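Written out below as structure tokens is the structure these notes cover.
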There are 2 protein chains.
Amino acid sequence: MLQVNVELKERRYPILIGAGLLAKPESYAPLKKGDKVMIVSNPTIAPHYLATVEHTLTQLGCQVDSVLIPDGEKYKTLDSLNLIFTALLEKNHNRDSTLIALGGGVIGDVAGYAAASYQRGIRFIQIPTTLLAQVDSSVGGKTAVNHPLGKNMIGAFYQPVSVIIDTLTLATLPKREVSAGLAEVIKYGAIFDLPFFEWLEQHIDHLIALDQADLCYCIQRCCQLKADVVARDETEKGDRALLNFGHTFGHAIEAHLGYGNWLHGEAVAVGMLEAAALSEQFGDLNAQDVARLETLLAKANLPTISPDGMLPEAYLPYMWRDKKVLSGQLRLILLKKLGAAYVSAQASEAQVIAAISRFTQA
Amino acid sequence: MLQVNVELKERRYPILIGAGLLAKPESYAPLKKGDKVMIVSNPTIAPHYLATVEHTLTQLGCQVDSVLIPDGEKYKTLDSLNLIFTALLEKNHNRDSTLIALGGGVIGDVAGYAAASYQRGIRFIQIPTTLLAQVDSSVGGKTAVNHPLGKNMIGAFYQPVSVIIDTLTLATLPKREVSAGLAEVIKYGAIFDLPFFEWLEQHIDHLIALDQADLCYCIQRCCQLKADVVARDETEKGDRALLNFGHTFGHAIEAHLGYGNWLHGEAVAVGMLEAAALSEQFGDLNAQDVARLETLLAKANLPTISPDGMLPEAYLPYMWRDKKVLSGQLRLILLKKLGAAYVSAQASEAQVIAAISRFTQA
């Protein structure tokens, strides 16, 4: 079992990573005999893993309840949140109860916000079951639900007491979602860690084949990189912005196509290439760096070109609407070199369009 | 103008107290020219004070929007919360916006939770317009909405950047609510501060007559006492429990009658007498202390006897359901003497019933 410790101002919490952790009672510390637990999951994940988690916690002597919310981003709402509150109240859960999120990013976001809010905050454990949630949304304490007028507009910064990553859960994840998770994995190498980027170039096939040892190492490295940046910047005022590499472009793709047509990671893959091309225009990357990123993304079975029929100009209105716009200037995350990123407010619209054009279909 | 500073671990914020503060631009610091502000109020308070607040903030150069939620405890819901989120999104408020709560405890609780949650937290200013909110709910950072299965079950600990208490707003408060606020005022004296209790014995008539200078001093003293205990115990794990003096008994009265029949402060008044009687049984208070408390409450036009027809035994099921029950023992706040409280888990049901009987109609 591998472990990453997330160091926060007030306390630390562990991320445990290994194959088969869900069936081991010791994975669930600090839970102990007599603790009350509510597991939040969805009808897609529950048939695979809920019984194992319930059984192991019962062995440990916990009182276990569970509640399912509908699967999918469109159910990341105040209504789903309220389903969790109702279940907690119906089963008499109090301030000493623990909420467990068993599922992907949506489950983690909704359950995390429920844990932050129920009786003004109860203990929270995350069990992310998608690669994306394992390397990204399970670290950092960002929880949220959507509002009809905006994504992730309602939420809290709230940290779990532990994160349990069982790499065996990736066996039931659709291949396309494994690849989408790898887009964020590659992002960590590109913005923070050239040696890890190089390791990925050598091991990407193993990851796609779900080699358990390589998955564990890869997830550990990503969690460590994210934990480091979160520890430096818990409430997202500085360095944490670098994690948005590729995301302003990617969000434009997602919004243009309608959310859910491309997976988030697929849009981010193309967005990273466009940001890399802009970095090349600024003289920071060379053509070979951009090509390496493109090759690695392609090997991960990710798209490397804009959606059919989406013109470069179509990106702009979405990009201007992004949260990261400040004082009338696009703020983009660019690369100084492979493994080092920075925030730039220098790019003109013409430069942005030129960069996007490199990855647009003729 | 009087000022109390609330000292928290991470920062401090001021409570400003004075007659006529709402019309003075300097009351609203740290707001400044160009800031976006959303005022949350209700249709009862808005006709009296919203125009003044809007006008003064506009003078200051702020962009001001407002949203009203329905008046009353029964609208302290996720739906009202969502009305605020919708207004914020429709008017393009971002992470740099400030939410202002203009109203009583319900407005403060709902708007505070909205501020805690919108984009994971925006600046929050409280303008409490009831005596109860001024001395109690505006200090301490507890925000919440109700769930059909429980009061205040969903919320956050979230601190304002400032609290503005304009004592002129009490002129439009029904007399019965002034008295209900005085119940909490008297509570501060009883649990923390004998000299303040004695001051109240001498000045209670002035307070009921809304003498502005005495009101300002009284509110300042209560805010200081609460600020001290909150600074010691921000997330309510220790001393802050003492603020619940009279409340476990009082909640039983409110629940028995149906919420809203007696005002909270009215129920707390009788609850304090019952807790004082129990303290006398334990040999800590004498009969004269209990009589002083009774006289002061009566002078504040508060009830000093259980509701018609409510038998002492009727309190118990509600008291057992209280959050403060721990390991099968009622945890009650009792007095060591006037001006000093402690947590007791020693009282038997028979002792509790004997204490309640002292204040039950024959």
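The values are calculated or read from the model by the stated rules, or taken from the named source; none is laboratory data. If you're wondering where the values come from, they're calculated on a predicted model, not measured in any experiment. Please note: Cβ atoms are built from the backbone with ideal geometry, for glycine as well, and neighbour counts cover all protein chains shown.
Determine whether the stretch B:123-132 contains at least one residue that is part of a helix (DSSP H, G or I), farther than 22 Å from A:Phe157 by Cα and either within 14 Å of another protein chain (Cβ to nearest Cβ) or among the hydroxyl-bearing types (Ser, Thr, Tyr) (or both). Walk me through it before giving the result.
First pass over the stretch B:123-132, keeping only residues part of a helix (DSSP H, G or I): B:131-132.
Narrowing the set further to residues that are farther than 22 Å from A:Phe157 by Cα leaves B:131-132.
If we keep only those that are either within 14 Å of another protein chain (Cβ to nearest Cβ) or among the hydroxyl-bearing types (Ser, Thr, Tyr) (or both) as well, we get none.
The answer is no, given that none of the residues of the stretch B:123-132 is part of a helix (DSSP H, G or I), farther than 22 Å from A:Phe157 by Cα and either within 14 Å of another protein chain (Cβ to nearest Cβ) or among the hydroxyl-bearing types (Ser, Thr, Tyr) (or both).
Whether a residue is more than 27 Å from A:Gly141 (Cα to Cα), of a type outside the set (Val, Ile, Thr) and either at pLDDT 95 or above or not in a helix (DSSP H, G or I) (or both) was assessed, and B:Ala144 does not pass this test.
Among the conditions (1) crowded, with 24+ Cβ neighbours inside 10 Å; (2) within 14 Å of another protein chain (Cβ to nearest Cβ); (3) more than 19 Å from A:Glu7 (Cα to Cα), the only one that A:Gly189 does not satisfy is (2).
Across the stretch A:153-182, which residue is nearest to A:Gly250 (Cα to Cα) among those that are within 14 Å of another protein chain (Cβ to nearest Cβ) and not in a loop (DSSP other than H, G, I, E, B)? Show your work before the answer.
Step one: of the stretch A:153-182, the residues within 14 Å of another protein chain (Cβ to nearest Cβ) are A:153-159.
Then keep just the ones that are not in a loop (DSSP other than H, G, I, E, B); that gives A:153-157.
Numbers: A:Met153: 18, A:Ile154: 22, A:Gly155: 22, A:Ala156: 24, A:Phe157: 24 Å.
Going through the qualifying residues, I end up with A:Met153.
Take the conditions (1) buried (at least 20 other Cβ atoms within 10 Å of the Cβ); (2) within 14 Å of another protein chain (Cβ to nearest Cβ); (3) in contact (Cβ under 8 Å) with a residue 60 or more places away in the chain; A:Gly112 misses just one of them, which is (3). Restricting attention to the stretch A:6-26, and to residues there that are at pLDDT 95 or above and in contact with an Asp or Glu (Cβ under 8 Å, 6 or more places away or on another chain), which single residue is surrounded by the most Cβ atoms within 10 Å (Cβ to Cβ)? Within the stretch A:6-26, the match that is surrounded by the most Cβ atoms within 10 Å (Cβ to Cβ) is A:Leu22. The set of residues in the stretch B:51-82 that are within 12 Å of chain A (Cβ to nearest Cβ) and in contact with a Pro (Cβ under 9 Å, 6 or more places away or on another chain) comprises B:Thr77, B:Ser80.
The number of residues in the stretch A:200-223 being under 23 Å from A:Pro303 (Cβ atoms) and surrounded by fewer than 22 Cβ atoms within 10 Å (Cβ to Cβ) comes to 8.
From the list A:Pro43, A:Pro30, the lone residue that is within 30 Å of A:Arg232 (Cβ to Cβ) and in contact (Cβ under 8 Å) with a residue 24 or more places away in the chain is A:Pro30.
Okay, residues lined up against (1) among the small types (Gly, Ala, Ser); (2) at pLDDT 95 or above:
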| residue | (1), (2) |
| --- | --- |
| B:Val270 | no, yes |
| B:Leu273 | no, yes |
| B:Leu278 | no, yes |
| B:Ala291 | yes, yes |
| B:Thr304 | no, yes |
| B:Trp320 | no, no |
| B:Lys324 | no, no |
| B:Arg331 | no, no |
| B:Gly339 | yes, yes |
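Every residue, every condition in (1) outside the structural domain of A:Leu131 (by the TED database); (2) surrounded by fewer than 18 Cβ atoms within 10 Å (Cβ to Cβ); (3) part of a helix (DSSP H, G or I), yes or no:
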| site | (1), (2), (3) |
| --- | --- |
| A:Ala231 | yes, yes, yes |
| A:His251 | yes, no, yes |
| A:Ala255 | yes, no, yes |
| A:Val268 | yes, no, yes |
| A:Met272 | yes, no, yes |
| A:Ala277 | yes, no, yes |
| A:Gly283 | yes, yes, no |
| A:Val290 | yes, no, yes |
| A:Leu293 | yes, no, yes |
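Scanning the stretch B:191-221 for residues that are in contact with a Gly (Cβ under 7 Å, 6 or more places away or on another chain) and either basic (Lys, Arg) or outside any loop (DSSP other than H, G, I, E, B) (or both) yields B:Phe192, B:Leu194, B:Phe196, B:Phe197, B:Leu200, B:Cys216.
Can you confirm whether A:His206 is within 15 Å of the chain's Cα centre (by Cα) and in the same structural domain as A:Arg331 (by the TED database)? In short, no. Taking the stretch B:28-61 only, how many residues are out of contact with any Gly (no Cβ under 8 Å at 6 or more places or on another chain), buried (at least 17 other Cβ atoms within 10 Å of the Cβ) and small (Gly, Ala, Ser)? Final tally of qualifying residues: 1.
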